[in-house]
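A quick write-up on the structure given underneath.
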Amino acid sequence: MEHRYPPLVVGGHEFASRLITGTGAMTSLAMLRESLVASGTSLTTVAIRRFDPRASVGLFDLLQELKLVVLPNTAGCYSAREAVTTARLAAEALGTDLVKVEVIADDTSLLPDPMETLRATEELAGAGFRVMAYLSDDPILARRAEQAGASAVMPLGSPIGSGLGILNPYNIGMIAENARVPVILDAGVGTASDAALAMELGCSGVLVASAVNRAEDPPRMAAAISAAVEAGYLARGAGRIAKRTQALATSPGEGMPELL
Amino acid sequence: MSAELALTVNGKPATAREGSNLAQFAEELGLPPRGVAIALDGEIVPRSQWAFTLVTKGCAIEVVSIAAGG
């Protein structure tokens, strides 16, 4: 798939698509396949779990067949220690140095634990991993994650699976403005406009899972969000007009005929 | 017939032939040639070391792979 933007580069890895997809919560492998293709994604995230011959092999083969780069995540980890071990297991199983560090604080908010995330990021980056760190939308935390060695920072728009979009666009914009590594908007995207906004705010990419996989028509939503990422990127580069509190006419006031 | 060792695989009771190494045991379990990793008593054993790592009585083996998620 052709994209109207340059590739996304994370820790030396180049990805043609700026849309990163998740594989969770999909109803079937066939539907996942169709959505992944429709999304035009280059990079897709997976969890690391106990081997299940029925589930693991089919997914592994599908991702190989679609030639997607696999981004293992540490979903389900509550401590830096667990996340580091999970990342090492993923590296061993997949032969990759990429990892999405996701250390959550509890299973109801699913919000990232900033301290444990930073610890895991520092340790894994120090060991040579290309860490993509899932974070809350805090500009200072994003800076700390970058200092800890993250190859990309992934602030949330809103809680995982909530579909609430970007609750604090000012923070996301500030993170994007100050970061020297790619910023990927992660979590909270509900529909295409959320992804477009993320890109307009200066993000380098967007990660979606629930927005596509739980949509009524996942492949169609995947295509919509893919187009939105492109639209947002183009709009960002085009330089939007400043917001004003009052109207500003576009038609000239002069030359009006006398019609009374 | 060689003796059998009791151990656990992913938290479930299992048995292995005495003296078998991880590579042999992985084959018995029918693990695929790629996409899995093994931790033995909490320590990750790289695939390159499976043939040189003996399975011991009572050991806990965790076999992981990718799963849909995230």
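The values are calculated or read from the model by the stated rules, or taken from the named source; none is laboratory data. Worth saying up front: this structure is predicted, and the values here are computed from it rather than measured. Virtual Cβ from ideal backbone geometry, glycine too; neighbours counted across all protein chains shown. With ligands, DNA and RNA removed, areas are computed over all heavy atoms of the protein, side chains included. Shrake-Rupley method; radii C 1.70, N 1.55, O 1.52, S 1.80 Å.
Accessible area ranking (1.4 Å probe, heavy atoms, ligands and nucleic acids excluded), largest first, for A:Ile140, A:Ile48: A:Ile140, A:Ile48.
Just reorder A:Tyr134, A:Tyr78 by solvent-accessible area, largest first, 1.4 Å probe, all chains present. Write down the numbers at each step before the final one.
On the way: A:Tyr134 0, A:Tyr78 95 Å².
Output order, biggest surface exposure first: A:Tyr78, A:Tyr134.
Listed by chain and number, the lysines whose alpha-carbon sits under 28 Å from that of B:Lys12, ignoring those within fewer than 8 places in the same chain, are B:Lys57.
If you take the Cα centroid of region A:47-84 and the Cα centroid of region A:219-260, the two points sit 42 Å apart. Using just the C-alpha positions of region B:4-60 as equal point scatterers, what log10 of I(q)/I(0) does the Debye formula give at each q in 0.19, 0.20, 0.29 1/Å? Debye intensities relative to I(0), on a log10 scale: -0.60, -0.68, -1.50. Could you give the angle, 0 to 90 degrees to the nearest 10, between helix A:169-178's Cα long axis and the longest principal axis of the Cα atoms of chain A? Taking the Cα atoms of chain A, the angle to A:169-178 is about 70 degrees. Taking amide hydrogens as placed 1.01 Å from N in the peptide plane, the amide H of A:Val46 sits under 5 Å from those of A:Leu71, A:Asn73, each at least 5 positions away in sequence or on another chain.
Principal-axis analysis of the Cα atoms of chain A puts helix A:218-238 at an angle of about 60° to the longest axis. Taking the 0 to 90 degree range and rounding to the nearest ten, how far is the long axis of helix A:29-39 tilted relative to the main principal axis of chain A, both from C-alpha atoms? Computed tilt is about 40 degrees. Using a probe of 1.4 Å, the accessible surface attributed to A:Arg33 totals some 90 Å² when neighbouring protein chains are kept in position.
Taking amide H atoms as placed 1.01 Å from N in the peptide plane, the amide H of A:Gly190 lies under 5 Å from those of A:Gly165, each 5 or more residues away in sequence or on another chain.
Close amide H partners of A:Gly76, meaning residues 5 or more places away or on another chain with modelled amide H under 5 Å apart, are A:Ile104.
Given chain A, what percent of its DSSP beta bridges are antiparallel, to the nearest 5? Please list the in-between numbers first.
Details: 4 of 29 bridges.
For chain A, the DSSP antiparallel bridge percentage is about 15.
Each of A:Glu34, A:Glu216 has its accessible area taken with a 1.4 Å probe; listed largest first, they run A:Glu216, A:Glu34. Build a GNM of chain A with springs between Cα atoms under 10 Å: which of A:Ala16, A:Ala249, A:Ala176 gets the top mean-square fluctuation? Maximum among the listed residues: A:Ala249.
Based on the Cα atoms of the protein assembly as shown, what semi-axes does the equivalent ellipsoid have, where each is the square root of 5 times one gyration tensor eigenvalue, given in whole Å with the largest first?
On the way: eigenvalues 412, 83, 47 Å².
Working through the eigenvalues yields semi-axes of 45, 20, 15 Å.
As a length-normalised measure over Cα pairs under 8 Å and 6 or more apart, the relative contact order of region B:4-60 settles at 47 percent.
Chain A packed on chain B takes about 2000 Å² of accessible surface away from a 1.4 Å probe, both sides summed.
Annotation for region A:155-260: trypsin sites (Lys or Arg not before Pro) lying in DSSP loop with at most 15 further Cβ atoms inside 10 Å of their Cβ are A:Arg180, A:Arg240, A:Lys243, A:Arg244. The mean count of C-beta atoms from other chains within 10 Å of the C-beta of residues in A:20-30, rounded to a whole number, is 2. Couplings for region B:15-21, taken from phi via the Karplus curve 6.51 cos²θ - 1.76 cosθ + 1.60 with θ = phi - 60°, read 10, 9, 5, 4, x, 7, 9 Hz in order; Gly and Pro are left as x.
Across q = 0.23 Å⁻¹, region A:208-260 modelled as identical point scatterers on its alpha-carbon atoms has Debye log10 I(q)/I(0) values of -0.90, in the order of the q list. Across region A:47-56, coupling constants 3J(HN,Hα) worked out from phi with the 6.51/-1.76/1.60 Karplus curve, θ = phi - 60°, read 8, 10, 9, 4, 4, 10, x, 6, 8, 5 Hz, and Gly and Pro carry x.
Which percent of the Cα-Cα distances in region A:115-205 go past 20 Å? Each step should come with its number before you reach the end.
Numbers: 1183 of 4095 pairs.
I get 29 percent for the Cα pairs in region A:115-205 exceeding 20 Å.
Just want to confirm a number: the relative contact order over chain A, from Cα pairs under 8 angstrom separated by 6+ residues, in percent. Display every interim value, and only then the final one.
Values: 521 pairs, mean separation 47.9, N = 260.
Relative contact order here is 18 percent.
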